[in-house]
Every structure is written in C-alpha cells, then in structure tokens.
Amino acid sequence: MDHFAGKTALVTGAASGIGLGLAQALGEEGMTVAMVDYDAEALAKAAMNLTERGLVVSPFVHDVSDQSGWVELAQKVRDTLGPVQVLCNNAGVGAANMPVSTLDVSVWNRFVNINLNGVFYGTHAFLPQMTEAGGGHIVNTASMAGILPGTPGRSMYGATKHAVVALSEVLLAELAENNIGVSVLLPGSVRTALWRSSRAAQGLEDVDTPPDEYKSGSANPDGLDPYHVGLHVVRSIKEGAFYIITAPELRPHVSARFARIEAAFDRAEASAAQLRGGGREEA
C-alpha cells in the first residue's frame, strides 16, 4: 500500500505514546484518522493537539477488551468517516514485574484481553469493510518481547506479545488474496508512559504514581520518540514490510535465541541419524 491520502485509518491506544505517534504520521500522509482510546480526557486532548496541527482526526472512546463494543465502533467509524483501510491495533498494557507463582488469574486475564484479544477483536470487526473497500493494511503492535527470550517476571507481557506476532503471521498468509497487507510492529525502547495502563490492568488504585524504575515519568526516557516510530511504520507499510523493528541494537539477543533453536535442530538431526542407524541414545 503506497497511497494514503483521502483514506481512513484507525489507531487504538491513540491518546499517547506510539498510538499518538502513529496517528500523527498517518494524518500527515493525508489520511483521516479515527483515534481510539479508553481514556476520554487524554484522547480529547490528543485529538485537539493534532487538529491544531492541521490534521483530520476524530476521537472515539472505546476499551479494546470490550468485544461487544467493537461492532458498534466499526459501524460508527464507517458511518462517519468511511471504511477503514489502515488499521493499527496498537493499544496494550506494559510489562508487570510479577512472577508466575504470585500472579492473580484476574490480572493475567486482563492482560490477555487487552494485549491479545483486543488485537483479534479489532481485526475481526474491521476486516469486512477493509475487504469491501478493496484492501488495505493492518499493523499490529507487539514488542521486541515477542521475539526475544523470556524475562523473569514478565510472563503476561511476553506471552501476549509472542501471541500477537503469531497471529500477525497467520493474518499475513490469510489476507494476501484480499489485497490486505499485514505488519507486526516490534518496538524496543520508546518514550511512553506504558506503566499507567499496566497499573490500571493490575487493578492498582494509584495509576499515576510510576514504579521506582520509571520515576522519570516515562517508561523509557531514553527511548525513541513515538512520532519517529510512527514515521518508520508509514515507510514500512509503503514498502510492504512485515516485521517492523525499531531497535537494531537488540539484534544480538534475537540472534542468540535463534542460535539456541538451531542447536536444538542439530541435536534432533543427530538423534534421528542415530535411530536410523539402529543405535541407542545415551541418557
């Protein structure tokens, strides 16, 4: 997809962070952007900011974990802005430092409902109008945590982000014949305040007080500007790229993971050869 002007995009988690960066970058391409977020006040401010910059945006308050609300949202956006042709399933909650042994099941389910189910619900709701419009592009925001080795205490985040990568890979294969491209965004360190949504998902009352490691007010104060992430995503859509990576410095960690996977294949080949030769494997 290389022509954006005059078409409609929808971005979830658009009130701040990467979502706001995506909305700005797509709006600057001449798209009308439906900005979706559960935080009505923050969303209104973000939409006003982009409107004052001369962009055409429209705010829609919605919780991506609300399955039934997606049908109503899809119809409302279509009726007011036209069919969506770029869908950015970006909303998510951040990594909570909680070992599996102490996790509350309700917190786990909340993370899954937002980070994974929200991506599925959004895709399922908007695919019909994207297909009827003749095609488009879907961008699902995962994380480098979706391809990196697991980190202790980050089971909910890592599991849901790996799942978003897998879902996106399936969509890439399924939707090609419908002229719908798919990308999965794998951001590394980005200047966001993702800890707020994470604390809310955990049911904590004081969502505005950052954890000790985030006292700067941003989860990653030295990370990329979200707007620059948005620009990178737009370029990647135009190029038809599937994997969108923003943190090249993490290549060695990903390579190390796949080296271990390759080593497992080597062991499997050696085991298969031994069995074919009639030998016994040593314990």
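Restricted to the range 1-13, and to residues that are surrounded by fewer than 18 Cβ atoms within 10 Å (Cβ to Cβ) and at pLDDT 95 or above, which residue is nearest to A241 (Cα to Cα)? Per the stated criteria, the residue is A5. Any residue in the range 94-103 that is under 15 Å from the mean Cα position of the chain (by Cα), closer than 23 Å to A42 by Cβ and touching a residue at least 12 places away in the same chain (Cβ under 8 Å)? Yes; the residues of the range 94-103 include at least one that is under 15 Å from the mean Cα position of the chain (by Cα), closer than 23 Å to A42 by Cβ and touching a residue at least 12 places away in the same chain (Cβ under 8 Å).
Considering each of A142, A133 in turn, give the residue that is surrounded by fewer than 24 Cβ atoms within 10 Å (Cβ to Cβ), in contact with a strand residue (DSSP E or B) (Cβ under 7 Å, 6 or more places away or on another chain) and of a type outside the set (S, T, Y). I'd like the intermediate steps shown before the answer.
On the way: A142 fails: surrounded by fewer than 24 Cβ atoms within 10 Å (Cβ to Cβ).
Just a single option satisfies the conditions, and that option is A133.
Scanning the range 14-27 for residues that are without any contact (Cβ under 8 Å) to a residue 60 or more places away in the chain and surrounded by 24 or more Cβ atoms within 10 Å (Cβ to Cβ) yields one hit, A15. Looking only at the range 247-259, decide whether some residue is closer than 20 Å to A23 by Cβ, surrounded by 10 or more Cβ atoms within 10 Å (Cβ to Cβ) and without any contact (Cβ under 8 Å) to a residue 40 or more places away in the chain. For the range 247-259, residues closer than 20 Å to A23 by Cβ, surrounded by 10 or more Cβ atoms within 10 Å (Cβ to Cβ) and without any contact (Cβ under 8 Å) to a residue 40 or more places away in the chain: absent.
Tell me which residues, restricted to the range 28-58, are closer than 15 Å to G82 by Cβ and not β-branched (V, I, T).
Of all residues in the range 28-58, those closer than 15 Å to G82 by Cβ come to 30-34, 56-58.
Listed by number, the residues that qualify are G30, M31, A34, S58.
Looking across the range 55-73, the residues that are surrounded by fewer than 21 Cβ atoms within 10 Å (Cβ to Cβ) and small (G, A, S) come down to S58, S68, G69. Does R280 satisfy being farther than 16 Å from M144 by Cα and modelled with pLDDT of 95 or more? Criteria not met by R280.
Would you mind stating whether G30 is on the phi > 0 side of the Ramachandran plot and buried (at least 23 other Cβ atoms within 10 Å of the Cβ)?
On the way: on the phi > 0 side of the Ramachandran plot: yes; buried (at least 23 other Cβ atoms within 10 Å of the Cβ): no.
No; evaluated as a whole, the condition is false for this residue.
In the condition set (1) buried (at least 18 other Cβ atoms within 10 Å of the Cβ); (2) at pLDDT 90 or above; (3) in contact with a Ser or Thr (Cβ under 7 Å, 6 or more places away or on another chain), A241 is compliant with all but (1). Can we say V84 is buried (at least 22 other Cβ atoms within 10 Å of the Cβ), in the same structural domain as S183 (by TED's automatic domain parsing) and at pLDDT 95 or above? Here the answer is yes, as V84 does meet what is asked.
The values are calculated or read from the model by the stated rules, or taken from the named source; none is laboratory data. Just so we're clear, the structure is a prediction, and the values are computed from it rather than from any experiment. Cβ sites come from the backbone with ideal geometry, for glycine too, and all protein chains shown count toward neighbours.
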